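The values are calculated or read from the model by the stated rules, or taken from the named source; none is laboratory data. Note that this is a predicted model, so its numbers are computed, not measured. In this analysis, Cβ positions are derived from the backbone assuming ideal geometry, glycine residues included, and neighbour counts consider all displayed protein chains.
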Amino acid sequence: MLPAELLVTRNRGPYLEPRYLDPQTPEYQHLAATLIDLFSQHLGLPRRQLRQALDQLEGDRTDYRVQRGLVKLLFDEHCEFHLDAPLPPVDLRRQVFALSREQHPLVSEPNLIFPVTRQHVLDQVALEQGVPVDTLERALYADLPENHLLGRFDPPEPMALLHRYNVALAQALLYRCDLLRLSVHRNLPVRYKQLFKFIKCYRLIHTIQGDVDAGYEIHLDGPLSMFRLTQKYGFQMALFLPALLLCTRWKMSASLVRADGSRREFNLDEGCGLVSHYRDQTLYDSLLEETFAQRFAKARTGGWQLERETEIINLKETVMIPDFAFRHPDGRTALLEIVGFWRPEYLRRKFEKLRQAQRRDLIVAVSRDLNVSDEDLAGVPGGVFFFKNRIDPGEVVAQLEQTAAPHPEER
């Protein structure tokens with residue numbers, strides 16, 4: 001992402017917004033393509049040479065912050081530098097400096113009083129190490145960042161780089177956000193789950209209200225509402241933004257606190273034109289879930305049909321989305337939640353949610369590899385069974401027949 005010094009903004013009354021680039025502008029498309037070509041040309045060369053070429057390209061252009069922002073994104077997200085030295089540079093320097101101290105002072109031109117030069121020291125160390133002198137000199141400071149070699153460069157499309165720059169501008173505004181209000185509606189359930197997973201992944205303090213039909217109102221506390229880890233938490237808030245862009249219908253209002261203490265609002269919605277660089281998550285969260293779905297599709301299920309994450313259970317200030325839903329032609333329905341993650345804190349929260357949900361049509365499949373007993377699942381009203389390596393579709397069908405909710409007319 002972009003540092004604060006590269007953020008370009010404009011004020012509109014109480015509102016603050018970035019100065020986005022128009023990705024369709026030929027000038028910026030040319031700049032992006034030129035930068036990408038320049039990085040490609042320096043593959044295998046030191047970072048220092050690439051920096052020098054970029055400085056020369058920048059020259060005295062007035063919109064230097066745009067180029068520096070694009071360069072920052074290329075360095076951070078598309079480059080991989082590595083150390084290239086046949087011998088450990090620290091050990092070489094230690095040996096060279098020790099020998100230099102013994103022969104102090106070193107001179108550029110030898111004479112009768114001071115006969116030892118820098119080259120003499122390098123020749124001696126190279127001889128002891130059994131490498132050519134030019135190899136020794138290259139390795140001596142190879143561990144400095146400026147001497148790291150560009151080992152890999154994944155060139156993006158110029159248009160994609162410009163879109164990424166605009167998102168990075170919006171992300172940089174959220175570093176000083178103390179409250180983020182989201183309104184998300186008319187999305188598929190899988191989109192909601194994806195969004196909620198990102199909220200939890202980045203450990204954002206949140207409250208969630210609403211349902212699938214009406215949509216959700218989500219409040220995220222920002223870094224300036226906390227007493228500790230402000231900068232780190234602000235980074236997490238910024239990382240979350242591209243996940244929001246994956247939704248189809250949404251609005252965002254961020255309350256920003258500027259360095260001088262004044263407040264501004266930063267608003268976005270689905271029509272903002274920002275393009276997320278995050279990929280939509282795969283249909284399944286794990287190989288375990290994918291394998292079960294494939295086996296269930298081939299098994300004899302007595303008419304039961306599997307659906308993927310079609311129901312969201314509202315737990316007031318948070319939500320729960322079971323891994324699978326099942327429907328029978330006679331109208332019965334049921335849910336399946338798979339508990340296969342081992343971390344104790346995760347398990348504690350998971351069991352609390354299961355008890356809070358109080359869904360008798362919710363089946364829980366628990367891995368035997370977890371240190372979980374029947375007592376841990378006390379208060380969970382639905383069916384519970386344990387599995388070893390894979391979930392048996394036959395076991396699930398048996399549980400469905402016992403715990404499925406009846407047809408609405410039979411209730």
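Odds and ends about this structure:
- Looking across the stretch 153-201, the residues that are of a type in the set (A, V, I, L, M, F, W, C), at pLDDT 90 or above, farther than 21 Å from Gln236 by Cβ and in a helix (DSSP H, G or I) come down to Met159, Ala160, Leu161, Leu162.
- Residues of the stretch 16-62 that turn out to be surrounded by 14 or more Cβ atoms within 10 Å (Cβ to Cβ), over 27 Å from Asn147 (Cβ atoms) and free of Cβ contacts under 8 Å to residues at least 40 places away in the same chain, as a count: 1
- Filter result for His82 (in contact (Cβ under 8 Å) with a residue 60 or more places away in the chain and over 23 Å from Leu45 (Cβ atoms)): no
- Pick from the stretch 236-252, criterion assigned to a loop (DSSP other than H, G, I, E, B) and not aliphatic (A, V, I, L, M), ranking: modelled with the lowest pLDDT: Thr248
- Residue satisfying all of: in the stretch 372-381; part of a loop (DSSP other than H, G, I, E, B) and touching a residue at least 24 places away in the same chain (Cβ under 8 Å); surrounded by the fewest Cβ atoms within 10 Å (Cβ to Cβ) among these: Gly379
- Residue in the stretch 318-325 that is without any contact (Cβ under 8 Å) to a residue 40 or more places away in the chain, under 23 Å from Glu290 (Cβ atoms), in the same structural domain as Gly379 (by TED's automatic domain parsing) and in contact with a Pro (Cβ under 8 Å, 6 or more places away or on another chain) present: no
- Just one residue in the set Leu83, Leu74, Leu87 is surrounded by 13 or more Cβ atoms within 10 Å (Cβ to Cβ), of a type outside the set (Phe, Trp, Tyr) and modelled with pLDDT of 95 or more; that residue is Leu74.
- Residue check, Leu106 surrounded by 14 or more Cβ atoms within 10 Å (Cβ to Cβ) and within 25 Å of Gln171 (Cβ to Cβ): no
- Within the stretch 350-371, the set of residues being under 21 Å from Leu288 (Cα atoms) and either under 31 Å from the mean Cα position of the chain (by Cα) or surrounded by fewer than 18 Cβ atoms within 10 Å (Cβ to Cβ) (or both) comprises Lys350, Phe351, Leu354, Val364, Ala365, Val366, Ser367, Arg368, Asp369, Leu370, Asn371.
- Scanning the stretch 388-411 for residues that are at pLDDT 90 or above, touching a strand residue (DSSP E or B) at 6+ places or on another chain (Cβ under 6 Å) and surrounded by 17 or more Cβ atoms within 10 Å (Cβ to Cβ) turns up Ile391, Gln399, Leu400.
- Of all residues in the stretch 205-235 being touching a Leu at 6+ places or on another chain (Cβ under 6 Å) and at pLDDT 80 or above, the one that is farthest from Ser276 (Cα to Cα): His206
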